[in-house]
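A short worksheet on the structure shown next.
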Amino acid sequence: IIERACNGVECIDMLEKADNSYYAMILMDIQMPVMNGYEAAKAIRGSSHPMARKIPIIALTANAFSEDVQKSLAAGMTMHLTKPIDIELLSEAVHLYVSHTSCEE
């Protein structure tokens, strides 16, 4: 099941209202209105929600320079994938992080 947030504030709100194991991963666009992906990831990581520190957050962005990757990781994202998205890389990330997260619970 996939749910869509239109901006970073909505994403945070959705996570805050969810049960601990409801979401397995967040695919985070960087350039969103209201609150961008970097700010949203920082807010999620600083949240008191039980999943806030361990839920995988994958950056999806056209920003492909090494400093962009570092900025994503510094914001608390788990991985940085560039657009156009390589579906094989995304699939590998989903399998790696969703399987890993499921085993911890």
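The values are calculated or read from the model by the stated rules, or taken from the named source; none is laboratory data. It should be emphasised that the depicted structure is a prediction, and the values quoted were computed from it without experimental measurement. Note that we place each Cβ from the backbone using ideal geometry, even for glycine, and neighbour counts take in every protein chain shown. Only protein heavy atoms, including side chains, enter the accessible area calculation; ligands, DNA and RNA are left aside. Shrake-Rupley method; radii C 1.70, N 1.55, O 1.52, S 1.80 Å.
For K17, list the lysines whose Cα falls under 26 Å from its own Cα; do not include residues on the same chain fewer than 8 positions away. Partners found: K42, K54. Near L27, the amide H atoms lying under 5 Å from its own belong to I58; only residues 5 or more places off or on other chains count, and H is placed 1.01 Å from N. Shape verdict for region 1-53, please, from the Cα gyration tensor: rounded (a/c under 1.5), prolate (a/b greater than b/c) or oblate. It is oblate, given that a/c is not under 1.5 and a/b is not larger than b/c. Between amide H atoms placed 1.01 Å from N, distances below 5 Å from H80 occur with A59, all of them 5 or more places distant or on a separate chain.
Starting from the Kirkwood radius over alpha-carbon pairs of the chain, derive D by Stokes-Einstein at 20 °C in a medium of 1.002 mPa s and give it in µm² s⁻¹.
Numbers: Rh = 13.8 Å.
This corresponds to a translational diffusion coefficient of 155 µm²/s.
Here region 33-80 was treated as a single set of alpha-carbon atoms; its pair distances binned every 5 Å from 0 give 5, 24, 31, 23, 13, 4, 1 percent. Comparing I26, V94, A40 along the charge dipole axis of the chain, the residue lying farthest to the positive side is A40, per the Cβ-charge model. Straightening the chain between Q70 and V98 buys 7.8 nm, computed as 0.36 nm per residue apart minus the Cα-Cα spacing.
Probe radius 1.4 Å, ligands and nucleic acids ignored: give me the carbon and sulfur share of the accessible area of the chain as a rounded percent. Numbers along the way, then the final one.
Details: 3580 of 6410 Å².
Carbon and sulfur atoms account for 56 percent of the accessible area of the chain.
One chain, two ends: S21 and A52. Fully extended at 0.36 nm per residue, the span grows by 10.1 nm beyond their Cα-Cα distance.
Rounded to the nearest 0.05, what FRET efficiency do N7 and D86 give with R0 = 41 Å and r taken as the Cβ-Cβ distance? Could you check?
On the way: r = 25 Å, r/R0 = 0.62.
The pair N7/D86 has a calculated efficiency of 0.95.
How large is the dipole of the chain about the Cα centre if only Lys and Arg carry +1 and Asp and Glu carry -1, each at its Cβ, rounded to the nearest 20 debye? Mind dumping the intermediate values first?
Numbers: 8 positive and 14 negative charges, 48 e Å.
The calculation lands at about 240 debye.
Here each label is just a point 7 Å from Cα along the line to Cβ, and for M14 and R45 those points are 2.1 nm apart.
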